[in-house]
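Student: Attaching a single structure in C-alpha cells format; questions to follow.
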Amino acid sequence: MINSIIEAISISLNEEFGDDYTNYMEEIKQGLNEPCFFISCLNPTQKLFFGKRYFRENQFCIQYFPLNKMREKEECNDVAEKLFDCLEYITVTGDLVRGTKMKYEIADGILNFFVNYDMFVYKKADTPDVMEELSKNVVMKG
C-alpha cells in the first residue's frame, strides 16, 4: 500500500510540475538532478478499529531541492503553495484519498512538506479448507 501511495504522489507531482522535475523514492548519494522531489514515508502505524478493520496512518515527507540557490526560500514557498493543492487528493489503486495534516518547513534550503494519507483497511479472513465428504458403513447386529 505504501508503494502505491508513493506512486500516486509521484504522478500528482508530475502532473503539477511536469517532466523538468525529477521524483526520487530512494536515497541518492551522488548525482542529484535539481530541481527534484524526494518522497518518503515516515513511521506508518496501524491500529485495530473494529473486527477486521484497521486504521492506517501514513505520514509522508516530500522534500524539494530547489534549483535557484540565490532565491531558495522564495522558490520553496512557491512550490509549497502548489503542493497544498496538488496533494490534497490523490488516486491510489482507483480510490480517491484525501491528504490531511499538511504542513511544511524550510531547513537548510530544502523544503520539507508533510502530508498524511490515512485510511481504513479491511483484511479478509482466510477461509479454511472445506472437508470433503466422509462416508462410513455401519453394520448393526441384533
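Student: On a C-alpha basis, how far is the centre of segment 1-72 from the centre of segment 87-125 in Å? Whole number, if you could?
Tutor: For segment 1-72 versus segment 87-125, the Cα centre distance is 9 Å.
Student: Let me ask something else about it. Determine the calculated [θ] at 222 nm for the chain from helices alone, applying -39500 (n - 2.57) to every DSSP H run no shorter than 4 residues and normalising by the residue count; nearest 500 deg cm²/dmol.
Tutor: Estimated from H runs of four or more residues: -7000 deg cm²/dmol.
Student: Also, I was wondering about something else. I'd like the FRET efficiency for Lys123 and Ile11, computed as 1/(1 + (r/R0)^6) with the beta carbon distance as r and R0 of 25 Å, rounded to 0.05.
Tutor: 0.40
Student: Taking amide hydrogens as modeled 1.01 Å from N in the peptide plane, which residues meet the under 5 Å criterion relative to Val92, leaving out close sequence neighbours?
Tutor: Val97
Student: Tell me, what is the percent relative contact order of segment 1-82, built from C-alpha pairs under 8 Å that lie six or more residues apart?
Tutor: Reported relative contact order: 23 percent.
Student: Now, a different point. Of Lys123, Lys47, which has the most accessible area and how do the rest follow, probe 1.4 Å?
Tutor: Lys47, Lys123
Student: Probe 1.4 Å, all protein chains in place: accessible area of Ser12 in Å², nearest 10?
Tutor: Approximately 20 Å² of Ser12 is accessible to the 1.4 Å probe.
Student: Over the chain, give the accessible area per residue in Å² for a 1.4 Å probe, as an integer.
Tutor: Solvent-accessible surface per residue comes out at 73 Å².
Student: Across the chain, how many lysine pairs, 8 or more positions apart or on different chains, have C-alpha atoms separated by under 18 Å? Please give the number.
Tutor: Qualifying lysine pairs in the chain: 8.
Student: May I ask you to compute the full-extension gain from Glu57 to Lys82, defined as 0.36 nm times their residue separation minus their alpha-carbon distance, rounded to one decimal in nm?
Tutor: 6.7 nm
Student: Calculate the dipole size of the chain relative to its Cα centre from +1 charges on Lys and Arg beta carbons and -1 charges on Asp and Glu beta carbons; express the result in debye to the nearest 20.
Tutor: 1080
Student: Report the convex hull volume per residue for segment 1-109, counting only C-alpha atoms, in Å³.
Tutor: 117
Student: Continuing with the same structure: Antiparallel DSSP bridges in the chain: what percent, to the nearest 5?
Tutor: 90
Student: Work out how much length Tyr24 to Asn116 would gain on full extension: take 0.36 nm times their residue separation and subtract the Cα-Cα distance, in nm to one decimal.
Tutor: Once the chain is fully extended between Tyr24 and Asn116, it gains 31.2 nm.
The values are calculated or read from the model by the stated rules, or taken from the named source; none is laboratory data. Bear in mind the structure is a predicted one, so any value in this text is a computation, not a measurement. So basically every Cβ, Gly included, is an ideal-geometry build from the backbone, and we count neighbours across all protein chains shown. Just the protein is used for accessible areas: all its heavy atoms, side chains included, with ligands, DNA and RNA removed. Shrake-Rupley method; radii C 1.70, N 1.55, O 1.52, S 1.80 Å.
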